[in-house]
Amino acid sequence: MPKGTENKPFFITTPIYYASGSPHIGHAYTTVVADCLARFKKEQGYEVFFSTGTDEHGQKIAKKAEEEGKEVRAFVDEMTDGFQKLWQALDIEYTKFIRTTDTHHIKAVQKVLQTLYDNGSIYQGFYEGLYCIGCEQFKTEEDLVLGKCPDHNSVPEFMREESYIMKMTELQDELIHRIETDVLCVTSGKYKTEILSFLKREKLEDVSISRKNVKWGIPLPFDEAHTTYVWVDAFLNYLTVLGWDGDTDVVPKEWPADVQIIGKDILRVHATIWPAVLMHLGIPTQKLLLTHGHILSGGKKMSKTMGNIIDPLTLVERFGVDGTRYLLMSAGTFGGDVDLTLERMTEKYNADLANGLGNLVSRVLKLAEQVSLCREISTLKDSETMDTLMNEYKFSEALQHIWQKVSEANKYIDEMKPWVLVTSDGTKFSEVMEVLLGQLASIAILLQPFMPETSEKIKRALKTGKVEPLFQRIK
Ligand code: MSP
């Protein structure tokens, strides 16, 4: 355990997912990343708070419920249930699941809005522009490709309406300064460059934070004809999930968030509107926006609107919990886009899990069984490389590092031929088995954040000397 980490709070957040449909691989990816990081930090001795939840207000969701002929409340309950079931199936150990329809959250959001209004950060005005309902965001001409939103392949609507506006322009220089100096760190580097070049190129417009004709939302306390813009409502989950009631004088000890994990499509709002709300409130901004790329399917971003969704539960049925976690976390360099196909995932599953790790565990344990060798596992991790890679958020490289150990151990068995030694040279056999059991123990410990169930199974097998099959080959 590194020095000084004991009981230090470490706050990790995922975005809260729109309760507008069933979860897809993109959501699963963000959440599995957060879970692996949370487990790694816990292992290091931090007192981790890991939050996730659902974003339940807004026009898009109300419309969806109506299309399905359901009452909105019942609809969001059903959708949220789907997310919670998936997180259970994927072994996600969150600390708290927040819903923006929680009374506590709503009250805190209203208190914040009142504060922002009272301190002059919000004023009454008009807002007009091109609005994409899919993104729930106003778009600039530059965001569009041939007049359409590239993420939703749809033409945004022109909207002009009376609205409350939050000041942004005056914060532009301060935002640039915080991002440039890493007070608000954006990683990886290419995302930092991207957001800084946006902030230096374009004037930040004051932003509309209310909608007049959207009923499914939190009413502004100073003008109940308006409801809050979904993003402002949603961002505040990062504080209300900690039990915060909106009082700017009493901010929870976990804040500022150490790591906010987001996909690149929501980087801009997280690096502009969210810190702006915090600055207006006099609350420190988040420490890090850890940004990942998109999971593509057949070369396109996977999304409801595009209709190319892979159901994560199907993956769990096919590859098991840890198989799915492994395939997601090892798919491409963190930060870049990855194109997933079921065929490639199956190939990787067979090569790395059934053949690589599964084979190693069964070979070593079967040999150990013959002579009743077993071993106690210490909980200490013994790899500096692993710590460095994890602290730099290089998840797929961390897995490659573990799999290098797997193939080294498999190679060592092939070379040493312990199945021959067991009858020809007892002393040598014991020496070789010592090495192998040590290697397996270290692999089991390193795997823990990524594949908690498998790690446990290997440790149990090492203790009892009994092996259970880990991964069956898939056709
Ligand atoms: N509700 C907002 C977030 C509010 S947070 C204050 C939202 N929800 S979302 O459901 O559309 O997306 C949530 C997360 O899923 C984002 O991080 C997004 O990048 C991620 N993904 C959605 N589709 C994705 C892929 N195809 N691939 C990887 N992640 C993507 O935005």
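The values are calculated or read from the model by the stated rules, or taken from the named source; none is laboratory data. Everything numeric in this text was worked out from a predicted model, so none of it was measured. Because the Cβ atoms are built from the backbone with ideal geometry, glycine has one as well, and the counts that use them run over all protein chains shown. The accessibility values were calculated without ligands, DNA or RNA, using every heavy atom of the protein model including side chains. Shrake-Rupley method; radii C 1.70, N 1.55, O 1.52, S 1.80 Å.
Quick notes
- Region 263-287 residues that are touching a residue at least 60 places away in the same chain (Cβ under 8 Å), paired with ones that are of a type in the set (D, E) (beta carbon under 6 Å, 6 or more apart): K287/D258
- Evaluated against (1) within 14 Å of the ligand (Cβ to nearest atom); (2) open to solvent by 10 Å² or more (accessible area, probe 1.4 Å); (3) hydrophobic (A, V, I, L, M, F, W, C), I262 falls short on exactly one condition, (2).
- Which listed residue is out of contact with any Ser or Thr (no Cβ under 6 Å at 6 or more places or on another chain), at pLDDT below 95 and open to solvent by less than 50 Å² (accessible area, probe 1.4 Å), from L389, L367: L367
- Within region 61-98, the residues that satisfy the criterion of being assigned to a loop (DSSP other than H, G, I, E, B) and either touching a Gly at 6+ places or on another chain (Cβ under 9 Å) or over 24 Å from A34 (Cβ atoms) (or both) are E68, G69, K70, E71, Y94.
- N7 passes every criterion in (1) within 16 Å of the ligand (Cβ to nearest atom); (2) open to solvent by 50 Å² or more (accessible area, probe 1.4 Å); (3) at pLDDT below 95 apart from (1).
- Count of region 14-30 residues, restricted to those that are open to solvent by 10 Å² or more (accessible area, probe 1.4 Å), farther than 13 Å from K60 by Cα and more than 6 Å from the ligand (Cβ to nearest atom), is 3.
- Filtering region 79-120 to residues that are open to solvent by less than 10 Å² (accessible area, probe 1.4 Å) and touching a strand residue (DSSP E or B) at 6+ places or on another chain (Cβ under 9 Å) leaves T80, F83, W87, I98, T100, H105, V109, L113, L116.
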